[in-house]
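K.L.:
My questions all concern the structure below.
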Amino acid sequence: MVILLQLCIFAGFVIWRGRSLFGWHLSRVGWESDELGYTLDVRGKRVARHVGLLRRGGIPFVIRPEQWYHREIKALGICGEISIGDSAFDQRYFITTDFPGHLEQLLASRDLQQAVHDLFGLGVASLHATRRRIWCVLEGASLQQGEGDVARTLELLRRISDATSEAQSRGAASPVSRQRRVAALSFIAVQAGLLTLGLLGFLPTYLDTIHTLDSQTLVMTGLAAGLLAAILWFFLILGVFRGSSWISWVLADFVLCGLLGFALTGISVVRDVNVHLTSAAPTVYRQPVVTKICTLQCKKGRRRSAQHRTFDFHGDTACAPEARQATIALKSQQDTVCAAQSWFEFTLLVRNWQGEGTYAFTPGPDLFDSVRTGSEVSLPVRHGALRLDWLDWNEIGKAMP
């Protein structure tokens, strides 16, 4: 179940990122219009805005302001870029395309260069074009563009789209060249999925009751496995994109997203491998209960304005079912927060079978109420596929086959 949820998280964000990279997230503004748009508002504040147009048979490319890492990658000789002979234009913009010859020819036009200058002067962060769509990503103050500025942006996009159509270039664009562009965008989408899985992948683990005893070793092993996979992925990027202009975008995204994504995802993968590839029967330990703890949780309101109260009770008497009901009734009279919403959470502390100290876990209400301090509980400890011991809290206290 956890693996399925993790795969859903990964696939969901790969698709989400892929849609935006290929321009599929853009919606038509009216049935008869060729205009495209996309906006994202969070709590009444606009955080993203894209403006675009439909096109036919356009040359695919991406134009963005040149950054320091573009220059570094070019200096290392692993990145190719088109050059139109205008040093000011070449140093200001970094152009990614599979059709450098076609685009160099077209960008020789002063009118096209000026249209690009004017477009980026309107607060555009990047310009994207596929065969069927062209759009720009707005940032800063341009997120709140009025109708006049939007019309000006669309006018410039039309000029650029018309000037970079295949009909304007000499010779047809080779369809084989598309494969590298699709591969680059796919690599970036996968890296986004890995980062999301790394950041959110731990959430499904809260839905199960499996606990790895040596969590520190689990984390370190997962990080090591993730970084090893990241190194292999890095060499794959070099092998696929070396010499092309796409490698700068893929490598930059790899450093910003991929490295962390691989490292964090490694933890989830190592945990799943250790748990689900286990075939040996568990070792069952019978340990006495040291302490019973029941915690009354109270909540009033929602989200940031919510109020919380927590009350801990220890021992058999204070945590008995009838005592818990009495406690809720009393606290509801004394505290308005508890009167709104209240529930109990349970913790059992048993003597640690590995030596001194105790082992704490969260039992179900039935197990919690069936044991008393001093009575023994069976703990089936499994030896994982990677020699990391773990146990399932749902199996604690149950007879094993």
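K.L.:
Identify all residues within the stretch 326-355 that are more than 23 Å from Val290 (Cα to Cα) and not polar (S, T, N, Q); write none if there are none.
P.N.:
Ala326, Ile328, Ala329, Leu330, Lys331, Asp335, Val337, Cys338, Ala339, Ala340, Trp343
K.L.:
Same structure, new question: So which pairs qualify, if the first residue must be in the stretch 227-254 and closer than 17 Å to Asp98 by Cβ and modelled with pLDDT under 90, the second must be aromatic (Phe, Trp, Tyr) and open to solvent by less than 20 Å² (accessible area, probe 1.4 Å), the Cβ gap must be under 8 Å, and the two must be at least 6 apart or on different chains?
P.N.:
Ser245/Phe94; Ile247/Phe241; Ser248/Phe94
K.L.:
Filter the stretch 52-70 for residues that are touching a helix residue (DSSP H, G or I) at 6+ places or on another chain (Cβ under 9 Å) and over 20 Å from Ile134 (Cβ atoms); which is least open to solvent (accessible area, probe 1.4 Å)?
P.N.:
His70
K.L.:
Could you grab me the full set of residues in the stretch 83-106 that are polar (S, T, N, Q) and over 20 Å from His128 (Cβ atoms)?
P.N.:
Ser83, Ser87, Gln91, Gln105 - these are the residues of the stretch 83-106 that are polar (S, T, N, Q) and over 20 Å from His128 (Cβ atoms).
K.L.:
Something else now. Just give me the residues in the stretch 96-111 being in a helix (DSSP H, G or I) and open to solvent by 10 Å² or more (accessible area, probe 1.4 Å), in sequence order.
P.N.:
Pro100, Gly101, His102, Glu104, Gln105, Leu106, Arg110, Asp111, listed by residue number.
K.L.:
Sticking with this one: Looking at (1) touching a Ser or Thr at 6+ places or on another chain (Cβ under 8 Å); (2) more than 29 Å from Ala280 (Cβ to Cβ); (3) among the charged types (D, E, K, R); (4) without any contact (Cβ under 8 Å) to a residue 40 or more places away in the chain, which is the one condition that is false for Glu345?
P.N.:
The single condition Glu345 does not satisfy is (4).
K.L.:
Considering only the stretch 291-401, give the strands (runs of 3 or more DSSP E) lying wholly within it that have at least 2 residues that are among the charged types (D, E, K, R) and either farther than 25 Å from Thr205 by Cα or in contact with a Phe, Trp or Tyr (Cβ under 8 Å, 6 or more places away or on another chain) (or both).
P.N.:
307-314, 376-383
For every residue, the table says whether it meets (1) closer than 30 Å to Gly44 by Cβ; (2) at pLDDT 90 or above; (3) assigned to a helix (DSSP H, G or I); (4) in contact with a Cys (Cβ under 8 Å, 6 or more places away or on another chain).
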{"residue": "Val150", "(1), (2), (3), (4)": "yes, no, yes, no"}
{"residue": "Arg170", "(1), (2), (3), (4)": "no, no, no, no"}
{"residue": "Val190", "(1), (2), (3), (4)": "no, yes, yes, no"}
{"residue": "Pro204", "(1), (2), (3), (4)": "no, no, yes, no"}
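K.L.:
Take Leu197 and tell me if it is under 20 Å from Ile9 (Cβ atoms) and not β-branched (Val, Ile, Thr).
P.N.:
On the way: under 20 Å from Ile9 (Cβ atoms): yes; not β-branched (Val, Ile, Thr): yes.
It is true that Leu197 is under 20 Å from Ile9 (Cβ atoms) and not β-branched (Val, Ile, Thr).
The values are calculated or read from the model by the stated rules, or taken from the named source; none is laboratory data. All values derive from a computational prediction rather than experimental measurement. For neighbour counting, all protein chains shown are included, and Cβ atoms are generated from backbone atoms with ideal geometry for every residue, glycine included. The protein model used for the area step is the full one, side chains on, heavy atoms only, and it has no ligands, DNA or RNA in it. Shrake-Rupley method; radii C 1.70, N 1.55, O 1.52, S 1.80 Å.
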